[in-house]
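The values are calculated or read from the model by the stated rules, or taken from the named source; none is laboratory data. If you're wondering where the values come from, they're calculated on a predicted model, not measured in any experiment. All Cβ positions, even for glycine, are placed from backbone atoms using ideal geometry, and neighbour counts span all protein chains on display. In case anyone asks, the SASA skips ligands and DNA or RNA and just uses the protein heavy atoms, side chains included. Shrake-Rupley method; radii C 1.70, N 1.55, O 1.52, S 1.80 Å.
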Amino acid sequence: DAGVIQSPRHEVTEMGQEVTLRCKPISGHDYLFWYRQTMMRGLELLIYFNNNVPIDDSGMPEDRFSAKMPNASFSTLKIQPSEPRDSAVYFCASSFSLAGLGTEAFFGQGTRLTVV
Amino acid sequence: AQSVTQLDSQVPVFEEAPVELRCNYSSSVSVYLFWYVQYPNQGLQLLLKYLSGSTLVKGINGFEAEFNKSQTSFHLRKPSVHISDTAEYFCAVSSTGFQKLVFGTGTRLLVSP
């Protein structure tokens, strides 16, 4: 398996524009996570899905952020409108459940977003 | 609520020397503890995990960590580091397995010849 695949790897956009980050989890994994990494706040869990259903979105910073998982092999994180403070590295990760617990989360290489 | 404290933002060490990266956590419930490593421009990779059982946990690349409940610590150790261990190391805690990890701020390990 190719691992968790994120696209694009880098994104530079102007303030006010819509940004869509994409993630393809590992086949067979039923959990998908979106994290954001910044120097100031470190790694934060934004939202996670189980079997394509959002379970906890309490980490989503505000209504400008939305995430979807239309099927088991694809998820998007959208920011509309984007602001400079959204600049960060966004990671997607996936895992599968075993005996009611998640197992190791595998991370993608991340998308570095710069909003100017 | 849970939190993780990694007091050392950066740890410089010479090659083949031992190293300890410190991690303390706070939680009102039982926890699961993890160490992840992040190499430059890469995602995170699991080094080791404590779920239950033996408090001494061995992971990949020669790393190990010890869970100390009384001191609420989960320090990461390696007896002899290599240049290739240069990376950022994150401690994380969860009360629900892997579903909701709370990460520390990370410790940058710098190994020099």
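Structure data summary
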| read-out | value |
| --- | --- |
| FRET efficiency for residue A:87 and residue B:96, using Cβ-Cβ distance with R0 set to 25 Å, rounded to 0.05 | 0.25 |
| Residues whose placed amide H lies under 5 Å from that of residue A:104, excluding near-sequence neighbours | none |
| Spatial separation of Cα centroids for the stretch B:18-43 and the stretch A:45-113, in angstrom | 21 Å |
| Fraction of accessible area attributable to carbon and sulfur, the protein assembly as shown (%, probe 1.4 Å) | 52 percent |
| FRET E, pair residue A:74, residue B:7, Förster distance 41 Å, beta-carbon r, rounded to 0.05 | 0.55 |
| Hits among lysines - C-alpha to C-alpha of residue A:24 under 24 Å, sequence gap 8 or more where chains match | A:68, A:78, B:100 |
| Contact order relative to length of chain A, as percent, for alpha carbon pairs under 8 angstrom and 6 or more apart | 36 percent |
| Residue-normalised accessible area of chain A, given per residue in Å² at a 1.4 Å probe | 49 Å² |
| Relative contact order of chain B, defined on C-alpha pairs under 8 angstrom at six or more residues apart (%) | 37 percent |
| Given charges at Cβ of Lys, Arg, Asp, Glu: chain A dipole, positive-most of A:29, A:80, A:5 | A:5 |
| Buried accessible area, chains B and A (both chains, 1.4 Å probe, Å² to nearest 100) | 1600 Å² |
